[in-house]
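Taken together, the values in this text are just the output of simple stated rules run on the coordinates, not laboratory data. All values derive from a computational prediction rather than experimental measurement. Quick reminder, even Gly has a Cβ in these numbers, built from the backbone with ideal geometry, and neighbours come from all protein chains shown.
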Amino acid sequence: MASINFNRAEFVLSAADKRQFIHDSRSKAVFAGRSNVGKSSVINRLLNRKNFARVGSEPGKTVHINYFLADDKLYLIDLPGYGYAKVSASEKMRWSGLMESFFADEKIDAAVLIVDVRHLPTKDDKMMAEWMQSAGFRFAVVANKTDKIKKSMLENCISDIKGFLEIDDDIPLIPFSAEKGDGREALISFVESCM
Ligand SMILES: Nc1nc2c(ncn2[C@@H]2O[C@H](COP(=O)(O)OP(=O)(O)OP(=O)(O)O)[C@@H](O)[C@H]2O)c(=O)[nH]1
Ligand SMILES: [Mg+2]
């Protein structure tokens, strides 16, 4: 268990190829999820920065693997999103290849799957959740964009997401709003508990 100063952060690099992956003794937390669910926004919220990780209204903004370093101890890794319909077949292949080599190559301390609280997850999300658990990573799900639903809906939305993903009861499912900051402390606790 380590304590991280998330206000101390730097951008390290954007990797398009496995030769650029980072191997050192620092911890690594990855952020995965469908295009446009708010992976980059969640990272910005953790770091208390605006548009540090690039946020876009157009889905598919993050096409490389972006490494941010918090407190010289922990890499926050922004993975390119999946599931955007307009992506070409060759781009999908590139994504799969990059992900495969990334996960084969890296020691991951914490894996965070981000979903949109308003919608049921997709089959791709479920595959990602199964895969991350079977890989033996410490794993949590973040249900982002809670500011977009009524408070009274939250409990139902969360239990629907949990039911669809069929995650174990001991997997944290964290309601989150990158916009408002809700859930930030809970996500920080999870990440720090993995180190
Ligand atoms: N209302 C609201 N909007 C959000 C929240 N999180 C992200 N957004 C918006 O959702 C859009 C996508 O956010 P990104 O952070 O770029 O999403 P991403 O998952 O990194 O997207 P890709 O890099 O394309 O895979 C942007 O317009 C954000 O401003 C949130 O908690 N609440
Ligand atoms: Mg992004």
Can you work out the FRET efficiency for the pair K150 and L120, with r the C-beta to C-beta distance and R0 = 30 Å, to the nearest 0.05?
0.95
How about the stretch 37-111: which trypsin sites (Lys or Arg not before Pro) there are in a DSSP loop, with at most 11 other Cβ atoms within 10 Å of their Cβ?
K50, K86, K107
For the stretch 9-193, what is the relative contact order in percent, using Cα pairs closer than 8 Å and at least 6 residues apart in sequence?
23
Heads up, the chain by the C-alpha gyration tensor (a ≥ b ≥ c square roots of eigenvalues; a/c under 1.5 rounded, else a/b over b/c prolate, else oblate) looks rounded
What distance in nm lies between label points placed 7 Å from Cα along the C-beta direction at M93 and A16?
1.7
Counting only residues 5 or more places away or on other chains, whose amide H sits under 5 Å from the amide H of L13 once H atoms are built in the peptide plane?
Y67
If amide H atoms are modeled at 1.01 Å from N in the peptide plane, then the residues at a separation of 5 or more from V142, or on another chain, having amide H under 5 Å from its own are L113, I114, V115, I174
Residue by residue through the stretch 99-114, what is 3J(HN,Hα) from phi via Karplus (6.51 cos²θ - 1.76 cosθ + 1.60, θ = phi - 60°)? Round to whole Hz and write x for glycine and proline.
5, 4, 5, 4, 6, 6, 9, 9, 8, 9, 8, 9, 10, 10, 9, 9
Cα-based reach from K73 at 25 Å (exclusive), listing lysines while leaving out same-chain residues under 8 positions away:
K18, K28, K39, K50, K107
Amide H contacts under 5 Å for M195, placed H, 5+ residues apart
A2
Just in the stretch 110-195: which GluC sites (Glu not before Pro) are loop by DSSP and have at most 12 other Cβ atoms within 10 Å?
E166
Using a basic spin-label model with each label point 7 Å from the Cα along Cα→Cβ, how many nm lie between S3 and W131?
3.7
For K150, which aspartates and glutamates qualify as cross-link partners when the Cα separation must be under 18 Å and same-chain residues fewer than eight apart are set aside?
D116, D160, E179, D182
Kirkwood Rh, Cα atoms: Rg over Rh of the stretch 36-136
0.94
Picking from R34, R138, R26, which is most flexible by a Gaussian network model of the chain using Cα springs under 10 Å?
R26
For the stretch 135-142, in order, what is each residue's ³J(HN,Hα) by Karplus, 6.51 cos²θ - 1.76 cosθ + 1.60 with θ = phi - 60°, in whole Hz (x at glycine and Pro)?
6, x, 6, 5, 9, 9, 10, 10
